[in-house]
Amino acid sequence: MTTYIAANDAPMKNTGNIKLYGPEGFEGMRCAGQLTARCLDEVTAMVKPGVTTAEIDDFIFQFGLDNGAAPATLHYRGYQYSSCISLNHVVCHGFPQKKPLRNGDILNVDVTFVLDGYHGDSSRMYVAGQAKRAAERLLNITYESLMRGIAAVKPGARMGAIGEAIQTYAEGERCSVVRDFCGHGLGKLFHDAPNVLHYGTANEGVEMRPGMIFTIEPMINLGRHHVKILRDGWTAVTRDRMLSAQFEHSVGVTEGGCEIFTTSPAGLHKPLSQAA
Ligand code: MF3
Ligand code: CO
Ligand code: CO
């Protein structure tokens, strides 16, 4: 049995109960989410051939410092960076690296800022230079997968509706949905109940209620869905070494549907192909 509990009365840990946030929580999430979105906006101009992902990570750390926010990933379970930057066939949790980006690389930059106790978690895909046609297609399908998942969020529906919307669409486009990682409740905690699966059927999962806050963050592959973790203990890659992409938003369930906290203020969330 799932129990829902007012976030204000809940212990600050993941008890498996689902926290319901009030207006104060939603306002906190708007502030944290918009800070993360502004940072991801600024990353757009940085991404080009020759730049290293370590430089992007340094920028993200400094951006947080300048705005009174801490990157939630830094020292999280031993993780050592302010962001995850996942290149090409890396599915997620890639380490920022000193190796320069090359023309045609696609990369996911995933940032979570903690601002006044609330977590704004979002990621986007970027292209260094000019994307190949197959890569560009994957980015568009992955973005559309996220937005279809978000469109399924409304009170009374089950969490499985999100997974069904994503899986039906992505597989219809001959892509696959990664099973080994999921979205998550968040708010005052980084990773909280419930798990948000990106596959499944609409009659599964807990019922959505106003006040729930969680991420949707589908990882979509051009090849098969299977992943493996490299020996560093973090980096997840596709087993078949084909391209993987991911987009992530933090959202809240409202009476009428859903609010996206991490919308790009500059309108830069959707992947843009850079001029040749
Ligand atoms: N930001 C990731 C997410 O979307 C989590 C990264 S955890 C880390 O949930 F430790 F790898 F950074
Ligand atoms: Co994230
Ligand atoms: Co997340």
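The conditions are (1) under 22 Å from THR73 (Cβ atoms); (2) surrounded by fewer than 20 Cβ atoms within 10 Å (Cβ to Cβ); (3) more than 11 Å from ligand 1 (Cβ to nearest atom), and HIS191 fails exactly one of them. Which is it?
(3)
Scanning segment 59-86 for residues that are out of contact with any helix residue (DSSP H, G or I) (no Cβ under 7 Å at 6 or more places or on another chain) and under 20 Å from ILE220 (Cα atoms), which turns out nearest to ligand 1 (Cβ to nearest atom)?
Our first condition is that a residue be out of contact with any helix residue (DSSP H, G or I) (no Cβ under 7 Å at 6 or more places or on another chain); within segment 59-86, this holds for 61-62, 64-66, 68, 72-80, 84, 86.
The next check asks that each one be under 20 Å from ILE220 (Cα atoms); those that pass are 84, 86.
Numbers: CYS84: 5, SER86: 10 Å.
Here the residue is CYS84.
How about segment 166-186: which of its residues are within 27 Å of PHE113 (Cα to Cα) and in contact with a helix residue (DSSP H, G or I) (Cβ under 6 Å, 6 or more places away or on another chain)? Break it down into steps so the answer makes sense when it comes.
To start, the set of residues in segment 166-186 that are within 27 Å of PHE113 (Cα to Cα) comprises 166, 177-186.
ILE166, VAL177, listed by residue number.
Of the residues GLY211, GLY252, GLY200, GLY257, which single one is open to solvent by less than 50 Å² (accessible area, probe 1.4 Å), closer than 19 Å to ALA170 by Cβ and either within 16 Å of ligand 3 (Cβ to nearest atom) or in contact (Cβ under 8 Å) with a residue 12 or more places away in the chain (or both)? Step through it out loud before you land on a result.
Working: GLY211 fails: closer than 19 Å to ALA170 by Cβ; GLY252 fails: closer than 19 Å to ALA170 by Cβ; GLY257 fails: closer than 19 Å to ALA170 by Cβ.
GLY200 is the lone residue from the list that is open to solvent by less than 50 Å² (accessible area, probe 1.4 Å), closer than 19 Å to ALA170 by Cβ and either within 16 Å of ligand 3 (Cβ to nearest atom) or in contact (Cβ under 8 Å) with a residue 12 or more places away in the chain (or both).
Within segment 116-133, identify whether any single residue is away from ligand 1 (no atom under 15 Å from the Cβ), open to solvent by 20 Å² or more (accessible area, probe 1.4 Å) and under 23 Å from PHE26 (Cβ atoms), and answer yes or no. Step through it out loud before you land on a result.
Initial filter on segment 116-133 (away from ligand 1 (no atom under 15 Å from the Cβ)): 116-117, 126-133.
Then keep just the ones that are open to solvent by 20 Å² or more (accessible area, probe 1.4 Å); that gives 116-117, 130, 132-133.
This time we only want the ones that are under 23 Å from PHE26 (Cβ atoms), so: 116-117.
The answer is yes, given that some residue of segment 116-133 is away from ligand 1 (no atom under 15 Å from the Cβ), open to solvent by 20 Å² or more (accessible area, probe 1.4 Å) and under 23 Å from PHE26 (Cβ atoms).
Go through segment 166-182 and report how many residues are assigned to a helix (DSSP H, G or I) and within 17 Å of the chain's Cα centre (by Cα). Talk me through it step by step, then tell me what you get.
First pass over segment 166-182, keeping only residues assigned to a helix (DSSP H, G or I): 166-172.
Now narrow it down to the ones that are within 17 Å of the chain's Cα centre (by Cα): 166-167, 170.
The total comes to 3.
Against the condition in contact (Cβ under 8 Å) with a residue 12 or more places away in the chain, assigned to a loop (DSSP other than H, G, I, E, B) and on the phi > 0 side of the Ramachandran plot, how does GLY104 come out, does it pass?
Values: in contact (Cβ under 8 Å) with a residue 12 or more places away in the chain: yes; assigned to a loop (DSSP other than H, G, I, E, B): yes; on the phi > 0 side of the Ramachandran plot: yes.
Yes; evaluated as a whole, the condition is true for this residue.
For segment 261-276: of the residues being modelled with pLDDT of 95 or more and open to solvent by less than 50 Å² (accessible area, probe 1.4 Å), which is nearest to ARG30 (Cα to Cα)?
PHE261
Given the conditions (1) among the polar types (S, T, N, Q); (2) within 18 Å of the chain's Cα centre (by Cα); (3) open to solvent by 10 Å² or more (accessible area, probe 1.4 Å), report the number of the one that SER86 does not fulfil.
(3)
MET12 versus (1) at pLDDT 95 or above; (2) not in a strand (DSSP E or B): which is the lone unmet condition?
So the condition that MET12 fails would be (1).
The values are calculated or read from the model by the stated rules, or taken from the named source; none is laboratory data. Quick caveat, the model's predicted, so the values are computed rather than measured. Cβ: placed from backbone, ideal geometry, glycine included. Neighbour counts: every protein chain shown. The accessibility values were calculated without ligands, DNA or RNA, using every heavy atom of the protein model including side chains. Shrake-Rupley method; radii C 1.70, N 1.55, O 1.52, S 1.80 Å.
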